[in-house]
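I have placed the structure first, in the form of structure tokens, so that the comments after it can refer back to it.
Nothing in this text is a laboratory measurement; each read-out follows from the coordinates by a stated rule. Remember, it's a predicted structure, so these values are computed and weren't measured experimentally. So basically every Cβ, Gly included, is an ideal-geometry build from the backbone, and we count neighbours across all protein chains shown.
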Amino acid sequence: MFRGVSRAARKPGLQPGTIRMDYYDKVEEAAALIRRETPPPDVAVVLGSGLGAFATTLQDATAWSYADLPHWPASHVIGHEGRLVVGTLAGRRVSALSGRAHFYEGHDLRTVTFATRVMGRLGAKALILTNAAGGINVKLTPGTLMVMDDHINLLGSNPLVGPNEDRFGLRFPDMSTVYSPRLRALADDVAAAQGLPIGHGVYVAVHGPSYETPAEIRFLRTIGADAVGMSTVPEAIAARHMGIEVLGISCITNAAAGVLPKPLNHDEVMEVARQVRGRFAALLEGIIGRL
């Protein structure tokens with residue numbers, strides 16, 4: 001059962017005449033509110049388009065609307081509920097972020113990664129990032145769950161641009177293994193035990209919000225991408241900057257432009273995500289239980 005938190009009681013923000021807060025202080029204010037209401041999470045999960053139902057599986061849970069959390073960015077994309085749920089699953093304290101802010105909504109990347117920073121300050125040691133993605137590799141058919149082995153950042157920016165906040169991490173963090181080999185192997189083991197076929201590949205993040213052209217997909221295939229989406233990479237970079245172990249899982253919801261002779265639409269993305277959410281939830285629970 002969820003224990004909700006009211007906006008009026010939980011949205012402190014800045015009072016008139018207060019000195020303007022810097023980014024770190026805003027992150028700390030949001031983290032402090034969550035700490036007051038619930039024990040901190042061991043693992044955080046960001047739920048992509050149409051995958052938010054996983055949050056309802058948490059037990060003894062406390063939930064907030066993003067609008068009730070100080071400085072927290074809203075997401076207005078269909079399939080992103082905009083709610084943080086912290087509870088227990090498979091013996092672990094878990095925070096589930098049902099929806100995320102996107103670069104294409106007009107947020108800068110520091111804002112896009114605000115929730116990741118809060119999870120890190122709460123003490124989460126592992127972050128599972130999920131997304132809905134278009135399949136570039138023809139072996140990744142709609143409904144496939146793809147473990148992200150690596151990524152290509154084509155967003156045109158990086159969440160670490162600007163003065164470095166040393167309290168988060170080093171100026172030049174290593175990105176040799178953004179996605180933890182340990183967690184990728186764990187995902188394989190859990191999937192095998194469940195009889196669930198999964199894929200592996202490289203995810204490329206593009207700006208959006210328009211879908212890619214067939215020519216762009218041919219280019220992305222040429223440079224080594226297996227799946228394409230509009231999120232995840234900034235959060236992964238910010239998490240590694242903070243020393244958080246990262247696992248990425250893409251739900252392939254459609255064939256990318258030009259792979260099949262039909263147009264793309266968000267309704268298809270949502271429908272495929274709905275069809276796989278049971279398998280997706282079971283995989284996540286199995287992984288979390290063995291962390």
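Pick out the one residue from THR141, THR116 that is surrounded by fewer than 17 Cβ atoms within 10 Å (Cβ to Cβ) and within 30 Å of GLU212 (Cβ to Cβ). Testing whether each residue is surrounded by fewer than 17 Cβ atoms within 10 Å (Cβ to Cβ) and within 30 Å of GLU212 (Cβ to Cβ) leaves just THR141. The condition of being under 23 Å from TYR104 (Cα atoms), without any contact (Cβ under 8 Å) to a residue 60 or more places away in the chain and not acidic (Asp, Glu) does not hold for VAL228. Of all residues in segment 25-54, those that are over 18 Å from VAL94 (Cβ atoms) have Cβ atoms under 7 Å from Cβ atoms of residues that are crowded, with 19+ Cβ neighbours inside 10 Å and among the charged types (D, E, K, R), 6 or more apart or on another chain, in VAL27/ARG117; VAL27/ARG121; GLU28/ARG121.
In segment 163-183, of all residues being surrounded by fewer than 13 Cβ atoms within 10 Å (Cβ to Cβ) and of a type in the set (Asp, Glu), the one that is farthest from the chain's Cα centre (by Cα) corresponds to ASP166.
A single entry from ARG93, ARG117 fulfils the requirement of being assigned to a strand (DSSP E or B) and of a type in the set (D, E, K, R): ARG93.
Considering every residue within segment 185-206, establish whether at least one is assigned to a loop (DSSP other than H, G, I, E, B), farther than 16 Å from LEU247 by Cβ and touching a helix residue (DSSP H, G or I) at 6+ places or on another chain (Cβ under 9 Å). Scanning segment 185-206, I find at least one residue that is assigned to a loop (DSSP other than H, G, I, E, B), farther than 16 Å from LEU247 by Cβ and touching a helix residue (DSSP H, G or I) at 6+ places or on another chain (Cβ under 9 Å), so the answer is yes. Looking only at residues of segment 247-258 that are among the aliphatic types (A, V, I, L, M) and surrounded by fewer than 24 Cβ atoms within 10 Å (Cβ to Cβ), we find that the one that is farthest from VAL276 (Cα to Cα) is ALA257.
Quick grid of which residues meet (1) of a type in the set (D, E, K, R); (2) surrounded by 16 or more Cβ atoms within 10 Å (Cβ to Cβ); (3) without any contact (Cβ under 8 Å) to a residue 60 or more places away in the chain:
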{"site": "LEU84", "(1), (2), (3)": "no, yes, yes"}
{"site": "LEU97", "(1), (2), (3)": "no, yes, yes"}
{"site": "ARG110", "(1), (2), (3)": "yes, yes, no"}
{"site": "ASP150", "(1), (2), (3)": "yes, yes, yes"}
{"site": "VAL161", "(1), (2), (3)": "no, no, yes"}
